[in-house]
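Written below as structure tokens is the structure these notes are about.
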Amino acid sequence: MSRQKPVDHTQPLWIEEGIPSEAILVSVAPVAPIDKLYTFTVDEDLAARVRPGHRVMVPFGRKNRLAPAIVVSVGRGAWNSTLKPVDELLDDAGHLSDHLIELGRWISQYYCCPLGRTLGAMVPEAVRRQRGFLSVRHAQLVATAGELEGKRLGKMQHRVVERLREAGGPVEVGALLDETGASRATLRGLVSKGWVSETKSKIPAAYEPVNAERSVPDYSLNDAQQSALERIESAIGADAFRAFLLFGVSGSGKTEVYIRAMQRVVESGKQVVMLVPEIALTAQLMKRVAERFDRVAVIHSGLTGVQRSLAWEDIRTGRTPVVVGTRSAIFAPCPNVGMIVVDEEQESSYKNMQSPRFHVRDVAVMRAQMLGIPIVLGSATPSLETWQNCVWRDAYERVDLPSRVMGKALPHVRLVDTSQHGPFGQPKSVSPPLKQALSDTLANNLQAVVLINRRGFASWLFCPHCKTRIECRQCNAGMILHRSRGILLCHHCHHQDPIPRACPQMSCGGQLLQGSGGAERVEEELTTTFPKARIFRADSDTMTHADKYTELVRAMENREVDILLGTQMIAKGLDFPMVALVGVISADLTGAAADFRSSERLFQLVTQVAGRAGRAEVAGRVLVQTNSPDLPALLCSLRHDYRAFADSELAFRKEQGLPPFSRLTRVVLAGKKEPEVLAEGMTLGERIRAVLDGLADEQLRIHGPHPCALERVRGMYRYELLLYAPSASAMSNWIAAIKDDGGFKTRLRSIVVDVDPVDLA
């Protein structure tokens, strides 16, 4: 059997020239790896329903194979060649405003993603399917009085006609039949004769926004908070783009400044979008926001399809003035946005790791700039990119909150050197100083937070006899022991194996050693050491649903938890007044990553989690366990000295030509056979260098190809090229030139172009 010829998506849609004419034209972007727009015609009936952002089925190629596409624009225009018609409208919901279409175009261009895929990602599937909407039928009288004169109408038919005549417009069918006492058959008879029309539509079910008992704090802003609020309010009143970095130590009252600025926007009749990096932060923050506003919508991945769809519709109609959510909330269809807030703007979780690989913070800044509105970026440990923007860009302004509210002191931070702690293969996660501090905290009936930025029970299994390390068969990574689930798990491809009783090598069979414990091991140690303590473990293995986060917040606030143990999801944003102690285990693991941002992440993580302690009347202290107590990031975190860390790290970045002193794009090639991947990487590198020679810009650089830090994932060998440019515009121009030259075409199964990557693993 002969193979079917593949579809050629690049061929023109016209087949002959003709006389110029006018018609309703639809411009669409295919939902496929094709970065090109196509034009189709549409009939009058369908044109009345089609909107930008809708999905349609259109014919492509000589065989007119139908494929989905996203509508970009609809309008009457001239055409002088044969155009194909739109075949079908796939959904009546999910259209995008002109502003969101423009934002999607920018995302598509800057992050090197086809426009169809970008626009498709901006609207959740549940919204397109109108989950939670109710089907409603309406009847309307279409016959005139003259047309009905002399017609024989039954008693019930006459009642229906009179009721519709009185209404003068559409009437809901159920209500019509109830009021007149007529049957469905009676109405069908009138419809069949053409005297009454019946239409079907969908309306949203009642949306229940986040509710909380209204509560207004009885304290006044301090001088620094008041000054910050006045600066933001001046920008709100000016109706102009302005980016504020609200730089405040933990507990300095950034959230209260957000809320009061948001109140000003809502009072002016506009909407606010507030972004948070983690669902864990949403639960507690939502409660605080809902206490101050009558109607608040929440958007995050933990919602059901119905909840997401109804919230989206409530936002689109303007009924909900305040939107709080994670990444997807940046695309909330607010008709009248007055301000955007990005809390914890430094968080890497704001980066979307699937195509389109956009960074929410940067998209939020662009959306604010397009709309001419202020944006507030808040953090105790800002990203170096945002920190430097306040130096370079006139539109950025840094506003400082240098101290905690109510004059509370920052917690004392102590480093615990664990480099000589425990024999090889039998490490203890919790050091004696931390155990003693936990004992004192529990004795005083206070709470503690313990952070270990690693899941599982042990991060490696090793046989000392034959020197074998148990690794994933698909990845160059060790299998992680999850004893509570009885499995070995690869955290990269999610492959699972049963836990081996001995070394799997046939000629060995030696006893395996377990090392580098994760959250499960720490939980076991704490449970053994403090059998009466109530311990709550929060990591991605236990926090499997949004309700779990709400349970966590409730349990901590009600003093039902003595020790909160978790990964980085508990390191920022959470505010529990009775937390007196924070312990950080294996802090240096964060700083040991193969990434130039590892020191920045280490400082941010330690400083953020340290800020959970001593936020009320209780004095706080922090113990940081590390094998590398001389790391500059840790030494700066001892003093809560962000400026010193930033000065040191920026000097290093400038010397090396790294972001923020350049823009970086990472191109990752992957395939089953390593020699083929390397060869293709060399070819791709040569094409990109040829484009670079044509641009003749000495500030543009390319490194590679070379193996990725994690060489093999899911059985695919990975090589990368790193592209450096002096600015975002220079990078965009370079990528556009590479695309025009076909530079990103490859025979391999996978190529990823990641602009402004946050992870180089």
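Derivation of every value follows stated rules applied to the coordinates shown; laboratory data play no part. Computed from a predicted model, the values in this text were never measured in an experiment. Cβ: placed from backbone, ideal geometry, glycine included. Neighbour counts: every protein chain shown.
Full extension of the chain segment joining residue 703 with residue 548 gains 51.4 nm, where the gain is 0.36 nm per residue of separation less the Cα-Cα distance. Per-residue Karplus couplings for segment 707-717, computed as 6.51 cos²θ - 1.76 cosθ + 1.60 with θ equal to phi - 60°, are listed in order as x, 5, 4, 9, 5, 10, 9, 6, x, 10, 6 Hz, Gly and Pro entered as x.
State to the nearest 20 debye the size of the charge dipole of segment 17-123 about its Cα centre, where the only charges are +1 on K and R beta carbons and -1 on D and E beta carbons.
Details: 11 positive and 12 negative charges, 87 e Å.
Rounded to the nearest 20 debye, it is 420 debye.
For the chain, the longest principal axis of the alpha carbon atoms and the long axis of helix 98-110 meet at an angle near 50°. Taking other C-beta atoms within 10 Å as the exposure proxy, 493, 463 rank 493, 463 from fewest upward.
Starting from the exponent 0.38 and prefactor 2.2 Å, build the expected Rg for segment 663-755 from its residue count and divide its actual Cα Rg by it.
Here the answer is 1.04, to two decimals.
Amide H to amide H distances under 5 Å link residue 248 with 379, 380, 401, where only residues 5 or more positions off or on other chains count and H is placed in the peptide plane.
Is the shape of segment 257-379 best called rounded, prolate or oblate, per the rule: a/c under 1.5 gives rounded, else a/b larger than b/c gives prolate, else oblate, with a ≥ b ≥ c the square roots of the Cα gyration tensor eigenvalues? Verdict is rounded for segment 257-379.
Could you tell me which of rounded, prolate or oblate describes segment 54-100, using a ≥ b ≥ c as the square roots of the eigenvalues of the alpha-carbon gyration tensor, with rounded for a/c under 1.5 and, failing that, prolate when a/b is larger than b/c and oblate otherwise? Judged from the Cα gyration tensor, segment 54-100 comes out oblate (a/c at least 1.5, b/c at or above a/b). Counting only alpha carbon atoms, the long axis of helix 728-740 and the longest principal axis of the chain meet at about 60°. Shown for 598, 197: other C-beta atoms within 10 Å of each C-beta, ranked fewest to most, produce the order 197, 598. The structure-derived value of Rg and Dmax of the Cα atoms in Å appears in the list [x] 27.0, 95; [y] 30.3, 104; [z] 25.1, 78 under the label [y].
Taken about its Cα centre, the chain carries a charge dipole of roughly 1860 debye when the Cβ of each Lys and Arg holds +1 and the Cβ of each Asp and Glu holds -1.
Average projected area of the Cα convex hull of segment 133-204, in nm²?
Across all orientations, segment 133-204 yields a mean hull projection of 4.6 nm².
Based on Cα contacts under 8 Å between residues 6+ apart, the chain shows a relative contact order of 10 percent. Taking amide hydrogens as placed 1.01 Å from N in the peptide plane, the amide H of residue 274 sits under 5 Å from those of 323, 324, 325, 341, each at least 5 positions away in sequence or on another chain. Calculated FRET efficiency, residue 41 to residue 744, Cβ-Cβ distance, R0 = 22 Å: about 0.10 to the nearest 0.05. Axis of helix 305-316 versus longest Cα principal axis of the chain: the two differ by about 70°, to the nearest ten degrees. For segment 247-299, the Cα gyration tensor yields ellipsoid semi-axes of 18, 15, 10 Å (square root of five times each eigenvalue, largest first, whole Å). Working note: 222 nm ellipticity from helices only, DSSP H runs with n ≥ 4, each -39,500 (n - 2.57), summed and divided by the residues of the chain, gives -9500 deg cm²/dmol to the nearest 500. Residues 173, 28 in ascending order of nearby Cβ atoms (within 10 Å, fewest first): 173, 28. Note on the chain: dipole from Cβ charges, positive end direction compared against 730, 60, 243; the farthest Cα belongs to 60. Quick check: from the Cα gyration tensor, does segment 17-123 come out rounded (a/c under 1.5), prolate or oblate? Here segment 17-123 falls in the prolate category.
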